[in-house]
Amino acid sequence: MSLFEWCQWLQHTHFATMIAESDWLFPLIEGSHILALPLSVGMVVIIDLRLLGIAFCGGPGTNFVRNLMRWSSIGFAVMFLTGGLLLITQAGKAYGNAFFRSKLLFLLLLGINAAAYQKLFYPRMAQWDSAGGPPAGAKFCAAFSLVLWIGVIVCGRTMAYQF
Ligand code: HEM
């Protein structure tokens with residue numbers, strides 16, 4: 001069975017059909033997907049703006065970032081769970097959709113960018129408060145993250161029009 005055939009099969013399973021045909025389940029899941037945006041991407045945007053020195057710059061950075069990351073993890077768990085549930089209801093349509101594929105690519109790049117930031121810069125964050133701000137590499141990660149998140153949201157919105 002090819003991946004496309006598997007997606008078609010998934011979309012027509014009893015579970016997927018039940019969600020898609022329910023008067024309240026699909027809107028509830030989609031609403032939760034959208035409501036989790038400020039908790040996930042919103043928190044990351046605040047962190048990125050602080051790293052770039054544009055906004056939210058007062059006070060020591062380490063606790064500020066750690067607190068926001070804790071909340072954003074909850075938001076991302078909701079985004080991925082609800083996103084997965086939405087996906088199975090339209091997996092066949094999503095398979096060939098350029099915006100869905102771009103969204104997944106952006107999410108992959110975001111994962112790599114976040115992992116690089118965690119490994120290279122996060123352990124030394126406490127020193128930045130006395131050193132006059134984050135290094136150029138950390139600022140690059142923040143700017144790249146902002147661009148990619150805009151891409152994820154634009155693709156998410158656009159593909160929803162096309163399904
Ligand atoms: C944190 C990452 C994510 C963000 C920021 C995001 C953002 C969005 C946005 C803005 C929409 C448009 C909602 C609307 O206007 O109706 C959307 C829809 C959608 N998302 Fe996500 N999403 C994320 C993760 C995921 C994941 C991981 C999946 C699946 C694997 C997914 C699957 C979907 C699907 C299938 C829709 C279309 C729902 C419909 O038919 O209306 N999303 N997403």
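Worth pointing out:
- Listed here are the helices (runs of 4 or more DSSP H) enclosed by the stretch 77-163 that have at least 3 residues being β-branched (V, I, T) and at pLDDT 95 or above: 136-162.
- Residue that is farthest from F76 (Cα to Cα), among those in the stretch 26-42 that are within 11 Å of the ligand (Cβ to nearest atom) and among the hydrophobic types (A, V, I, L, M, F, W, C): F26
- Subset of the stretch 94-104 (residues that are crowded, with 19+ Cβ neighbours inside 10 Å and either free of Cβ contacts under 8 Å to residues at least 40 places away in the same chain or among the small types (G, A, S) (or both)): A94
- Those residues of the stretch 4-25 which are touching a residue at least 60 places away in the same chain (Cβ under 8 Å) and either within 21 Å of V78 (Cβ to Cβ) or within 13 Å of the ligand (Cβ to nearest atom) (or both), in sequence order: C7, L10, Q11, F15, A16, I19, A20
- Per the conditions (1) over 29 Å from C7 (Cβ atoms); (2) among the aliphatic types (A, V, I, L, M); (3) within 12 Å of the ligand (Cβ to nearest atom); (4) surrounded by fewer than 18 Cβ atoms within 10 Å (Cβ to Cβ), the sole criterion not satisfied by V45 is (4).
- Residue in the stretch 63-70 that is touching a Cys at 6+ places or on another chain (Cβ under 9 Å) and within 15 Å of the ligand (Cβ to nearest atom) present: no
- Among the residues examined, A36 does not qualify as over 30 Å from P134 (Cβ atoms), in contact (Cβ under 8 Å) with a residue 24 or more places away in the chain, in a helix (DSSP H, G or I) and out of contact with any Cys (no Cβ under 7 Å at 6 or more places or on another chain).
- Residue list for the stretch 51-75, restricted to those being in contact with a helix residue (DSSP H, G or I) (Cβ under 7 Å, 6 or more places away or on another chain) and touching a residue at least 40 places away in the same chain (Cβ under 8 Å): L51, L52, P60, G61, T62, V65
- Of the residues in the stretch 62-78, none is more than 18 Å from the chain's Cα centre (by Cα), basic (K, R) and on the phi < 0 side of the Ramachandran plot.
- Residue in the stretch 78-93 that is out of contact with any helix residue (DSSP H, G or I) (no Cβ under 7 Å at 6 or more places or on another chain), in contact (Cβ under 8 Å) with a residue 40 or more places away in the chain and away from the ligand (no atom under 12 Å from the Cβ) present: no
- Condition met for L10 (more than 20 Å from the chain's Cα centre (by Cα), under 15 Å from G84 (Cα atoms) and surrounded by 15 or more Cβ atoms within 10 Å (Cβ to Cβ)): yes
The values are calculated or read from the model by the stated rules, or taken from the named source; none is laboratory data. Just so you know, these numbers come straight off a predicted model, no measurement behind them. For neighbour counting, all protein chains shown are included, and Cβ atoms are generated from backbone atoms with ideal geometry for every residue, glycine included.
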